[in-house]
Amino acid sequence: METLTPIKSGNYIDGQLVKENFETLDVLSPSTGEVISSVYLSDASAVDKAVQTAKEAFVEWSSRTLKERIQIFFKFRALLEKHKEELTHLVYLENGKIHSEAAAEVAKGIELCEFACSLPQIVNDEIQEVSKGVECRTSHVPLGVVASITPFNFPHMVPLWSIPNAIALGNCMILKPSEMTPLSAVRIAELLEEAGLPKGVINIVNGGKDAVEAICDHPDIKAVSFVGSTKVAKLVYIRASASLKRCAALGGAKNHLIVLEDAHVDMAATNIAASMSGCAGQRCMAASAMVGVGKIDHIVERLCEEARKIVPGDNLGAVITAAAKERIERYITEAEAAGAKVLVDGRNATVKGKEGGFYVAPTVIDNVTPDMKIAKEEVFGPVLAIIRAETVDEAIAIENSSNYGNAASVFTQSGGLARYIMDRVSAGMTGVNIGVPVPREPFSFGGWNESRFGSHDITGRSSIAFWTRLKKTTTKWNPEARTNWMS
Ligand code: NAD
């Protein structure tokens, strides 16, 4: 499919793209470096306009039953399916992923939508006769206007982590996508409207820090979900909580894979190479540090073979910006200077015909020590740091010393050791012989420690508690019912 330039972008309020007078920022294609669109850097006035629109829409939308509301998501699901090539291409254009990864992102969006369609089967309200003739029942009530702030790395999927569940549960939403990847969001909103979503139920406000701060401060926004770096997640969590909002803020990651001597060599090598390099390493679930226990040289050798098969522009996409490329390469250079050994070097990668694109090839670095910057910080590129450990307990201690806690995996053929390690790692999502241990629906997604602030996950079953509040209603209809303290 040809690049369509410039691609539609803008704030989407009350069912339409609106013209604003804010400053704009160029949106670049990471694959080529070309300008493909532009985005508004909105201020608090745009957030307020979107909130007022959403508040009006909430009155009618929240009066529908859950079963009525999800009918729109059945239609939306069909539209995602119908437009999947176009949506895949949009992800490629704004994010730089290869086609198969962009297609997988769109497929995951469909799965998220299917989960929302199943909510009537999952939302369990209780009813009980609490004393003779007196019943108490709970109901899940929407919060009102809610907001979702999303990062650049999954411009289609992460908005769909929150939109279907939050809206199906009766809320109206303000979405603030990453200013680097604002294009998929508009198409999602248009398709929702085509599916029958009333105007004003979903609104998009583009921008950066100012728009985010206005969302955190707005008195009529009741809940905020945030996905992005730990630095910003912390700021958003503190600011939104200070204005008494419910907030779940998912942050960055430094995921450890513990590899034991008895690991299945092919399975470990292929899964780890795919985990560290998939989506150019720009996944919060990517393998970032591999802790090898004992004699694992044979696995490292196979892993390097696999890493060399992954070629930018062919089966590896671009990183998001020139600045990201520079940052990632600086981590590699600093690790080398600190004494680590670069086994596979992805610096200075270019793609013929796409010389303006931002590429880093897979990089494997051995002899990393736990005190090095590359062992502790999130690199967010296709880079694997290998740390050697003598014992399983030493490997667990290295994993436990991380401030993050999104994912951790073990590669071994021993069930007992796998269980021992999984019970002791400090991460919210763990895996055995899995490079990217994403819990699929209906399980919820969310890490621990500085990888998530707030008490809820925003997807899967946990999302029900996050996007609703419980009302407890006590009822008595029979005047003859025995009188007691509840009468
Ligand atoms: P980011 O934190 O820079 O941006 C995320 C959002 O915050 C964007 O919408 C952006 O406009 C806004 N923002 C940026 N700086 C801000 C500031 N100073 N004040 C207020 N708002 C600000 O993250 P990113 O670079 O877009 O995404 C990559 C990060 O997201 C990585 O750290 C990655 O691990 C993380 N991530 C985490 C998860 C998860 O589930 N834990 C999922 C995806 C991405």
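In which sequence would W467, W448, W477 go, from the one with the fewest C-beta neighbours within 10 Å to the one with the most?
W477, W448, W467
For a footprinting-style exposure proxy, rank D366, D423 by other Cβ within 10 Å, fewest first.
By the 10 Å Cβ count, ascending, the order reads D423, D366.
With θ set to phi - 60° and the Karplus curve 6.51 cos²θ - 1.76 cosθ + 1.60, what are the ³J(HN,Hα) couplings of the range 118-135 in order, to the nearest whole Hz, using x for Gly and Pro?
These are the phi-based 3J(HN,Hα) values: 8, 4, x, 7, 10, 6, 9, 8, 9, 9, 8, 7, 8, 8, 3, x, 10, 10 Hz.
Given H placed on each backbone N at 1.01 Å, which residues far from L17 in sequence or on other chains put an amide H within less than 5 Å of it?
none
Just to be sure I understand the curve: with the Debye formula and one point per C-alpha of the range 148-241, what is log10 I(q)/I(0) at q = 0.16, 0.22, 0.25 Å⁻¹?
Log-scaled intensity ratios, in q order: -0.61, -1.17, -1.47.
Of the beta bridges DSSP finds with both residues in the chain, what % are antiparallel, to the nearest 5?
If I count the DSSP bridges inside the chain, around 40 percent turn out antiparallel.
Sequence gap at least 6, Cα distance under 8 Å: using those rules, report the relative contact order of the range 135-211 to the nearest whole percent.
Values: 105 pairs, mean separation 24.8, N = 77.
About 32 percent, as a whole number.
In whole Å, what is the distance between the alpha-carbon centres of the range 38-77 and the range 200-260?
18
Put +1 on the Cβ of every Lys and Arg and -1 on every Asp and Glu Cβ in the chain; which of V311, Y404, V35 then has its Cα farthest towards the positive end of the dipole?
Sorting the options by dipole projection puts first Y404.
Q52 versus E129, label points 7 Å from Cα toward the beta carbon: distance in nm?
Rounded to a tenth, the inter-label distance reads 5.3 nm.
Quick one: if you take sqrt(5λ) for each eigenvalue of the C-alpha gyration tensor of the range 222-287, what semi-axes come out, biggest first, whole angstrom?
Rounded to whole Å, the semi-axes are 36, 11, 8.
Take M372, M285 and order them by how many other Cβ atoms sit within 10 Å, fewest up front.
Neighbour counts put them in this order, fewest first: M372, M285.
If you place +1 on the Cβ of every Lys and Arg, -1 on the Cβ of every Asp and Glu, and leave all else neutral, what size is the dipole of the range 45-185 about its Cα centre, to the nearest 20 Debye?
On the way: 14 positive and 17 negative charges, 37 e Å.
The calculation lands at about 180 debye.
Given H placed on each backbone N at 1.01 Å, which residues far from V27 in sequence or on other chains put an amide H within less than 5 Å of it?
Amide H neighbours of V27: I36, S37, S38, V39.
Give the value in nm², to one decimal: projected area of the alpha carbon convex hull of the range 313-399, averaged over all directions.
Averaged projected hull area, Cα only: 6.1 nm².
Counting pairs of alpha carbon atoms under 8 Å apart in space and at least six apart in sequence, what relative contact order in percent does the chain give?
18
So, with +1 on the Cβ of K and R and -1 on the Cβ of D and E, and no other charges, what is the size of the charge dipole of the chain about its Cα centre, to the nearest 20 debye? Working shown, then result.
On the way: 51 positive and 58 negative charges, 270 e Å.
The calculated dipole for the chain is roughly 1300 debye.
By how many nm would the segment from M267 to S118 grow when fully extended, if each residue of separation counts as 0.36 nm and the alpha-carbon distance is taken off?
That works out to 50.2 nm of additional length.
Determine the gain in length on full extension of the stretch S241-E85; use 0.36 nm per residue of separation and subtract their C-alpha separation, reporting nm with one decimal.
Numbers: separation 156, 0.36 × 156 = 56.16 nm, distance 3.96 nm.
That works out to 52.2 nm of additional length.
Taking each pair of different alpha-carbon atoms in the chain once, compute 1/r for the pair, average those values, and report the inverse of that mean as the Kirkwood hydrodynamic radius in Å to one decimal.
This gives a value of 23.6 Å.
Above 16 Å lies some portion of the pair distances; for the range 41-122, what is it as a whole percent of all C-alpha pairs?
Above the 16 Å cut-off, the range 41-122 has 65 percent of its Cα pairs.
How long, wide and thick is the range 338-487, going by the Cα atoms along their three principal axes, in whole angstroms, largest first?
83, 46, 28
Quick one: if the Förster radius is 22 Å, what FRET efficiency do R308 and S414 give, using the C-beta to C-beta distance and rounding to 0.05?
Details: r = 29 Å, r/R0 = 1.34.
Computed FRET efficiency for R308 and S414: 0.15.
At each listed q (0.20 Å⁻¹), what is the log10 of I(q)/I(0) that the Debye formula gives for the range 259-379 modelled as equal alpha-carbon point scatterers?
So the normalised log intensities work out to -1.17.
Per the helix-only calculation at 222 nm, which mean residue ellipticity applies to the chain, given -39500 (n - 2.57) for every DSSP H run of n ≥ 4 and division by its residues, nearest 500 deg cm²/dmol?
So the calculated ellipticity at 222 nm is -12000 deg cm²/dmol.
No lab work stands behind these numbers, since they all come straight from the coordinates. Just so it is clear, the structure is predicted and the values come from calculations on it, not from any experiment. FYI the Cβ positions are ideal-geometry reconstructions off the backbone, even for glycines, and counts take in every protein chain you see.
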